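Here is the structure we will look at.
Every number here is computed from the coordinates shown, using simple stated rules; none is lab data. For clarity, every value in this text was computed on a predicted model and none was experimentally measured. Quick reminder, even Gly has a Cβ in these numbers, built from the backbone with ideal geometry, and neighbours come from all protein chains shown.
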Amino acid sequence: MMRQLVSAACGLWMTLALGAQAENLVIVELYTSQGCSSCPPADEFVERLAADPKVLPLSLHVDYWDYIGWADSFAQGRFTDRQKAYARAIGSRTIYTPQFIVGGLDRVEGFAPVETVDLLERHLAGSSQVRLTVTREGDRLVIRAEADPPLTEPVRVQLVRYVPEETVTIERGENAGKTITYFNVVTSWEHVADWAGVEPLDLSTPAPGSDPAVVVLQNEGPAAILAAAQAD
């Protein structure tokens with residue numbers, strides 16, 4: 001069993017235990033904004049989470065704080081829509097920044113590193129019925145997956161591109177005067193196909209450029225992420 005030490009922003013040191021059967025990445029989505037004064041500790045925490053090779057934290061910048069005087073340079077309306085879809089999936093009308101969503105299922109409102117790591121430990125200790133591999137061939141990705149046992153409902157095949165690190169000097173709004181480094185900033189989150197999960201999946205999709213790419217297989221909702229894999 002491998003163990004990856006993670007430092008929480010509050011100064012605590014915690015351990016993420018990798019379950020012996022864990023094969024896929026655990027995706028942690030952070031909904032954040034350059035215009036949110038309570039977000040910088042969560043933004044910094046992303047770097048610490050990324051130190052574990054079995055965890056992929058992804059920063060999705062929303063646009064609903066832009067009105068207070070600073071337009072987030074990474075924000076996209078589609079990320080706000082995705083966060084709203086998560087809220088609707090559990091019958092909620094409320095969205096937050098910062099907010100972590102672990103594995104597509106577990107939600108953490110605000111910056112709560114201990115709670116976030118506890119959830120990660122549970123996801124890392126689990127196993128998936130889906131085996132996913134992603135390989136790069138030129139400017140295309142080849143995506144292969146098998147489910148054992150077969151899935152009982154289709155999943156969405158999604159391609160995520162991100163920038164590992166960007167530093168921004170914020171001139172206005174709640175964080176005026178701060179220079180903040182953001183990690184794993186998502187630039188696109190695209191629906192590639194649907195997979196029934198009965199027969200093996202074998203498809204390719206365009207992925208030009210050098211930005212890292214990850215494929216995410218997720219139940220409709222959005223709900224549970226069954227598998228995720230980085231392009232090699």
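Rounded to whole Å, give me the distance from the Cα center of region 164-205 to that of region 79-95.
Computed from Cα coordinates, the inter-centre distance equals 17 Å.
How far, in degrees from 0 to 90, does helix 40-49 lean away from the longest principal axis of the Cα atoms of the chain, to the nearest 10?
30 degrees
So if I place +1 on the C-beta of Lys and Arg and -1 on the C-beta of Asp and Glu, and nothing else carries charge, what would the dipole magnitude of region 128-232 be about its Cα centre? I want it in debye, nearest 20. Present the calculation step by step, with values, prior to reporting the outcome.
Numbers: 8 positive and 16 negative charges, 42 e Å.
Taking the Cα centre of region 128-232 as origin, the dipole is about 200 debye.
Let me know the charge dipole size of region 43-125 about its Cα centre in debye, to the nearest 20, where only the beta-carbon of Lys, Arg (+1) and Asp, Glu (-1) is charged. Could you put the intermediate results ahead of the total?
Numbers: 9 positive and 13 negative charges, 87 e Å.
Its charge dipole is roughly 420 debye.
Obtain the nm distance between the two label points defined at Lys178 and Glu47 by a simple spin-label model: each point lies 7 Å from its Cα along the Cα-to-C-beta direction.
Calculated label separation equals 1.4 nm.
If you place +1 on the Cβ of every Lys and Arg, -1 on the Cβ of every Asp and Glu, and leave all else neutral, what size is the dipole of region 3-230 about its Cα centre, to the nearest 20 Debye? The partial results should precede the final answer.
On the way: 18 positive and 30 negative charges, 31 e Å.
The dipole of region 3-230 has a size of about 140 debye.
Farthest toward the dipole's positive end in region 3-230, which of Val26, Ile101, Phe74, given Cβ charges of +1 (Lys, Arg) and -1 (Asp, Glu) about the Cα centre?
Checked the options; the winner is Ile101.
Per the helix-only calculation at 222 nm, which mean residue ellipticity applies to the chain, given -39500 (n - 2.57) for every DSSP H run of n ≥ 4 and division by its residues, nearest 500 deg cm²/dmol? Present the calculation step by step, with values, prior to reporting the outcome.
Numbers: 3 runs with 36 residues, N = 232.
Dividing the helical sum by the residues of the chain leaves -5000 deg cm²/dmol.
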